[in-house]
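Asks: After the structure tokens below, expect a handful of questions from me.
The values are calculated or read from the model by the stated rules, or taken from the named source; none is laboratory data. Everything numeric here is computed off the predicted structure, so don't read it as measured data. Glycine also receives a Cβ, built like all others from the backbone with ideal geometry; neighbour counts cover every protein chain displayed.
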Amino acid sequence: MNNSEIFAVLRTQMTDLAEIPPLQLPAGAPAHEGKPYRDPHLYINCPKEKWFDLAKLLKGDERLSFDFLTMVTAVDYLKPEPLMEVVYHLYSFAHRHRMVVKVPLSRENGAIASVISLWKTADWQEREVYDMFGIYFENHPNCTRILMWDEFPGWPLRKDFVHIPDRYDD
Amino acid sequence: MATEAIRISNPDLKTEEMILNLGPQHPSTHGVLRVLLKLDGEVITSSQPDVGYLHRGTEKLAENRTYPQMLVISDRWDYLSAMSNNLVWCLAVEKLLGVTPPPRADALRVLMVELNRIASHLVFFGTYGIDMGAFTPFLYAFREREKILDLFEEVSGARMTYNYIRIGGVMADLPEYWIGKCRSFLEWFKPRLLEYDTLLTGNPIFQDRTKRVGVLSKDLALDYGVTGPNLRGSGISFDLRKDEPYCGYEKYQFDVPVGSNGDCWDRYWVRVQEMKESVKIVEQALDRLPEGECNAKVPRLLKPPKGEVYTQIEAPRGHLGIYCISDGQDKPYRVHVRAPSFMNLTMLQEVLVGEKISDMIAILGSIDIVLGEVDR
């Protein structure tokens with residue numbers, strides 16, 4: 001299925017989804033800066049309350065059957081407004097199509113439903129996102145730090161993370 | 001004299017679960033990996049891998065490095081196949097920049113990546129033999145790998161961290177007589193593959209220890225996001241070189257070996273067959289190496305326009321992906337590395353349950369992880 005067909009199927013089931021339009025060159029931008037690039041997949045913006053329902057639909061619906069969770073990560077934005085986005089890249093081995101879901105979260109005490117019950121590969125990837133960004137995954141059986149040690153202060157991949165010099169900096 | 005089974009029927013005898021801490025410093029974990037095993041007798045009831053000992057914060061480092069500087073760090077993820085890491089980073093940045101490398105660069109990239117795949121699978125072959133108690137194959141495998149590393153050294157100057165594939169092309173064209181040396185290596189290497197079959201593949205002890213051990217079903221493989229030879233060992237024919245070709249892979253003729261049962265043997269067999277396929281690809285690349293430039297015109301200061309890219313290639317261990325967001329500056333805004341070993345290792349939690357402790361190393365070895373990539 002192509003992007004618009006996937007989106008049409010999603011819209012029949014859930015109404016508050018929005019397609020993220022491709023980046024446009026701002027008006028008056030100098031031509032030498034080049035055209036913004038984005039992969040030709042479907043990009044969906046999903047509110048965090050609806051994410052688990054959407055995930056169930058994406059995996060369960062026969063026309064979509066996204067059976068492979070390629071990647072989970074997050075991005076931290078300070079500008080224009082403070083915001084964090086959890087990014088899910090999905091692939092369907094049955095239909096050979098892919099799509100991207102972005103779930104915006106608040107930077108303070110951000111929490112989102114875990115999808116470990118649908119894709120087991122989410123286990124460690126969600127733990128990594130928690131480790132690096134401090135986004136808590138609800139209903140995750142073991143949402144603890146994975147790469148950093150348990151006592152590590154702060155969330156290292158946040159943009160406002162300040163490194164406190166320690167004995168390794170000498 | 002018939003031996004009599006001795007039955008211990010002492011009511012005071014208590015059995016209890018034992019916790020075994022495997023690693024972090026264990027020769028068979030191929031790096032620094034700790035696995036917490038719970039044992040009932042010699043049957044594993046639960047396993048919890050503990051990673052992060054080699055974490056170097058690649059993704060944070062990327063935010064403070066320019067795009068070409070990050071290339072140097074990419075070598076350090078999967079240090080057994082650094083060419084693939086170089087390649088995926090370059091492909092991602094080239095997409096953002098809108099640069100197309102010339103055909104000769106594409107062919108050289110394929111050539112190097114496939115030679116590196118052979119070298120990487122040779123390490124697997126050798127160390128897996130050691131895991132199974134067969135020391136000899138290791139020496140054979142490293143003898144061959146040495147020759148590949150010599151070829152790389154002539155091309156790039158390095159033996160492990162090549163930094164050869166650059167944004168827009170490759171570092172330099174092939175040195176004089178290199179093609180001849182590579183061809184004579186291939187001619188010498190092909191009969192060696194038959195040697196491996198007699199050493200390890202056809203060895204009944206090795207087969208007994210790997211067949212029907214650590215079975216990973218198709219559904220479980222997809223569920224755990226397993227890719228690469230591990231996925232193909234489970235019977236799913238999916239190879240990005242065939243299914244989503246990059247660097248002109250569609251022009252090369254090769255087969256994708258697929259296993260059937262998803263046990264350790266299949267994962268091993270797929271890798272050994274892949275070496276043969278890689279030899280075919282290298283030969284084809286040498287045969288029709290296009291003439292011309294091996295670098296596209298790329299500005300000295302790289303400032304890709306705003307954008308977002310996800311690129312993945314078929315690395316020796318699975319789908320190696322780069323998710324990169326550019327904000328128009330000379331440094332990436334956010335980089336995420338989808339490391340195949342990290343995903344593949346997750347399946348250990350489930351595959352090990354119910355297996356014997358003596359098969360644990362066989363299963364771990366068959367996943368073929370590189371801890372530099374798991375922890376990044």
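Asks: Which residues, counting only those in the range B:342-376, are farther than 19 Å from B:Asp219 by Cβ and of a type in the set (Val, Ile, Thr)?
Replies: B:Ile357, B:Ile361, B:Ile369, B:Val370, B:Val374, listed by residue number.
Asks: Which residues, counting only those in the range B:250-265, are buried (at least 21 other Cβ atoms within 10 Å of the Cβ) and outside any loop (DSSP other than H, G, I, E, B)?
Replies: B:Cys264, B:Trp265
Asks: Here is a follow-up. Go through the range B:135-151 and report how many residues are farther than 25 Å from B:Arg183 by Cβ and either part of a loop (DSSP other than H, G, I, E, B) or within 18 Å of the chain's Cα centre (by Cα) (or both).
Replies: Matching residues across the range B:135-151 total 2.
Asks: Check whether at least one residue in the range B:290-306 is under 17 Å from B:Tyr224 (Cα atoms), within 13 Å of another protein chain (Cβ to nearest Cβ) and crowded, with 24+ Cβ neighbours inside 10 Å, and report yes or no.
Replies: Checked against the condition, which is being under 17 Å from B:Tyr224 (Cα atoms), within 13 Å of another protein chain (Cβ to nearest Cβ) and crowded, with 24+ Cβ neighbours inside 10 Å, the range B:290-306 yields no hits at all.
Asks: To continue, here is another question. Would you point out the residue of the range B:53-93, among those that are outside any helix (DSSP H, G or I) and within 14 Å of chain A (Cβ to nearest Cβ), that is surrounded by the most Cβ atoms within 10 Å (Cβ to Cβ)?
Replies: The residue in question is B:Trp77.
Asks: Has the range A:132-154 got any residue that is within 9 Å of another protein chain (Cβ to nearest Cβ) and within 30 Å of A:Glu19 (Cβ to Cβ)?
Replies: yes
Asks: Which fully enclosed helices (runs of 4 or more DSSP H) of the range B:321-372 have 2 or more residues being within 9 Å of another protein chain (Cβ to nearest Cβ)?
Replies: Once the helices (runs of 4 or more DSSP H) in the range B:321-372 are filtered for at least 2 residues that are within 9 Å of another protein chain (Cβ to nearest Cβ), what remains is B:340-346, B:348-351.
Asks: Moving to a separate point now. Considering only the range B:167-177, state which residues are surrounded by 14 or more Cβ atoms within 10 Å (Cβ to Cβ) and either part of a loop (DSSP other than H, G, I, E, B) or out of contact with any Leu (no Cβ under 7 Å at 6 or more places or on another chain) (or both).
Replies: B:Ile167, B:Gly168, B:Gly169, B:Met171, B:Ala172, B:Asp173, B:Leu174 - these are the residues of the range B:167-177 that are surrounded by 14 or more Cβ atoms within 10 Å (Cβ to Cβ) and either part of a loop (DSSP other than H, G, I, E, B) or out of contact with any Leu (no Cβ under 7 Å at 6 or more places or on another chain) (or both).
Asks: Turning to a different aspect of this structure: Here is a check on your reading of the model: is B:Tyr268 of a type in the set (Phe, Trp, Tyr) and part of a strand (DSSP E or B)?
Replies: no
Asks: Follow-up question, since we're still on this one. Could you say whether any residue in the range B:347-364 is at pLDDT below 90, crowded, with 24+ Cβ neighbours inside 10 Å and not hydrophobic (A, V, I, L, M, F, W, C)?
Replies: no
This table checks each residue for (1) within 14 Å of chain B (Cβ to nearest Cβ); (2) under 23 Å from B:Pro305 (Cβ atoms); (3) at pLDDT below 85; (4) in contact with a helix residue (DSSP H, G or I) (Cβ under 6 Å, 6 or more places away or on another chain).
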{"residue": "A:Ala31", "(1), (2), (3), (4)": "yes, yes, yes, no"}
{"residue": "A:Asn45", "(1), (2), (3), (4)": "yes, yes, no, no"}
{"residue": "A:Phe66", "(1), (2), (3), (4)": "yes, no, no, yes"}
{"residue": "A:Trp124", "(1), (2), (3), (4)": "yes, no, no, yes"}
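Asks: Which one of the conditions (1) more than 14 Å from every other protein chain (Cβ to nearest Cβ); (2) closer than 22 Å to B:Val226 by Cα; (3) not aromatic (Phe, Trp, Tyr) does B:Gln284 fail to meet, given that it meets all the rest?
Replies: So B:Gln284 meets the others, but not (2).
Asks: Can you tell me how many residues in the range B:33-52 are away from chain A (no Cβ under 13 Å), among the aliphatic types (A, V, I, L, M) and either touching a Gly at 6+ places or on another chain (Cβ under 9 Å) or closer than 30 Å to B:Tyr333 by Cα (or both)?
Replies: 3
Asks: Any idea which residue in the range A:123-169 is farthest from the chain's Cα centre (by Cα), counting only those that are surrounded by 15 or more Cβ atoms within 10 Å (Cβ to Cβ) and charged (D, E, K, R)?
Replies: It comes out as A:Arg145.
Asks: Somewhere in the range B:229-238, is a residue within 18 Å of the chain's Cα centre (by Cα), away from chain A (no Cβ under 14 Å) and among the aliphatic types (A, V, I, L, M)?
Replies: The answer is no; no qualifying residue exists.
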